[in-house]
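Data first, discussion second: the structure below is written as structure tokens.
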Amino acid sequence: MTQDRNQAVDVVRAVALIGIAVVNLPFMAQPMETMLVTPAAAVDRVALYLVELVFQAKFFLLFSFVFGWGMEIQIQAAQRAGASFARRFSRRLAMLALFGALHAVLVFSGDILLLYAMLGLITWAVRGATSRRLLLVAGGMIPVAALSLMVLAVLFAEIPLPPAHPNLGGSYTETVLTRWRDWPQTFFFLLLFQGHLAFAAFLAGIVAARYGLFESGNALAKNLRRKVLPLLVLGLTINALYVASGAFGEASPVLASLGFCSLALGGPILATAYLGLILSLSDRVRFPRFFLLAGRNSLSCYVTQGLLAGLLFGGYGLGLFGTLGNLTLLALSFAVTILAMLPVVAFASRFGHGPLELLLRKVTYG
């Protein structure tokens, strides 16, 4: 099995899809004023705290890590083929930016594809640095991310709750206009909330590809697998501070700010533990072809998740916007993920790749 078809890579992408759906679905299903307050029902509070502890700001890092890994793999492939990586990658980033802009307005304003395209340009500029320097820059992003989270904490404390946006539950035209209106501030939030850590994960992924992390018998992978338990304990402990900042933030604004900033460290640590767990499982378990194909075509699956959510919550579909609590949305997110995978896997089984992957490859490789 070649490195770019090692099942662990596809499993990481597929698992990341699940985690991203768990985090994103409430933003598609609930008004913003609901998202910014603690749920009244005890079961919904438990569900919210579970998502914050285990999922939030972890799985997008796995996605970002594999993006950086894939960038280095593409560099190596271009060198072997005697092709221009710059030409290939510039076209790839341009398509990602286009996908992201369309996705943000037509499907989900919390899109990450445009952000990835922008960060990809920065990563492209530093890709020739030594592995040590890349890791130093990646580590330096953690305090920068903590500072950004502090800024967000201050903004959340000072800015009043936004007015209700019922148009997300309205007709399709109304939802598009609402996303268009909300997109600038949403993108600004994403930039501060996860831009720095996503960039750090890009760089770490490049280094991992250089050291052959996903290759059979890799020493780096073995070392990571041995450290899964302490990473889990440390990551969950730090992320518990983040959860506490939301649960008890009203009583102590200082605790709220510090706990929110701790996500800059707790998120990467727990994401690293998850990566080690996936590597361990991939050595012991042969995952179903369905799951691997979904991971291999994660771009199409990611966009399809948003399309299905629109049909569930928009007025042009079932009209469930603002009617479901956090516990229901947590369970529903897993169902949405699987349902989104079904048509993409069927398409990939017939044509070799998902629809967006086919278009992206066509543009990238000409």
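The values are calculated or read from the model by the stated rules, or taken from the named source; none is laboratory data. Keep in mind it's a predicted model, so treat the numbers as computed, not measured. Every residue, glycine among them, receives a Cβ derived from its backbone with ideal geometry; neighbour counts consider all protein chains shown. Only protein heavy atoms, including side chains, enter the accessible area calculation; ligands, DNA and RNA are left aside. Shrake-Rupley method; radii C 1.70, N 1.55, O 1.52, S 1.80 Å.
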Under a plain spin-label model, where a point goes 7 Å from the Cα along Cα-to-Cβ, how far apart in nm are ARG210 and LYS362? 3.6
What does the convex hull of the Cα atoms of the chain come to per residue, in Å³, rounded to a whole number? 136
Return, ordered by residue number, the residues of the stretch 210-241 whose backbone nitrogen is under 13 Å from a label point located 7 Å along Cα→Cβ of ARG284. 225-226, 228-229
Full-extension gain between ALA81 and GLU33, please, as 0.36 nm times their residue separation minus the C-alpha to C-alpha distance. 12.0 nm
Of TYR274, TYR302, TYR211, which has the most accessible area with a 1.4 Å probe, and how do the rest follow in descending order? TYR211, TYR274, TYR302
Once you keep just the Cα pairs under 8 angstrom separated by 6 or more residues, what percentage relative contact order results for the stretch 82-202? 36
How high is the FRET efficiency from GLN185 to ARG133, r the C-beta distance, R0 30 Å, rounded to 0.05? 0.30
What does a probe at LEU50 reach in the stretch 271-289, counting residues whose amide N is under 15 Å from the point 7 Å along Cα→Cβ? none
Calculated [θ] (222 nm, deg cm²/dmol) that DSSP helices of n ≥ 4 give over the chain, each run adding -39,500 (n - 2.57): -25000 deg cm²/dmol
Averaging sequence separations of C-alpha pairs under 8 Å and six or more residues apart, then dividing by the length of the stretch 1-101, give the relative contact order as a whole percent. 35
Would you look at the GNM of the chain, springs on alpha carbons closer than 10 Å, and say which of PHE187, PHE156, PHE214 moves the most? PHE156
Hey, what's the stretch 208-366 come to in accessible area per residue, 1.4 Å probe, Å²? 48
Take LEU220 and VAL233, extend 7 Å from each Cα along the Cα→Cβ direction, and tell me the distance between the two endpoints in nm. 2.7
Those helices of the chain passing the 30 Å axial Cα length cut-off and the mean Kyte-Doolittle cut-off of -1.0 (DSSP H runs only) are 7-29, 59-81, 85-106, 131-158, 263-284, 326-351
Once neighbouring chains are kept in place and the probe is 1.4 Å, which whole percent of the accessible area of the chain is contributed by carbon and sulfur? 69
Ranking PHE290, PHE202, PHE321 from most to least accessible area with a 1.4 Å probe gives PHE290, PHE321, PHE202
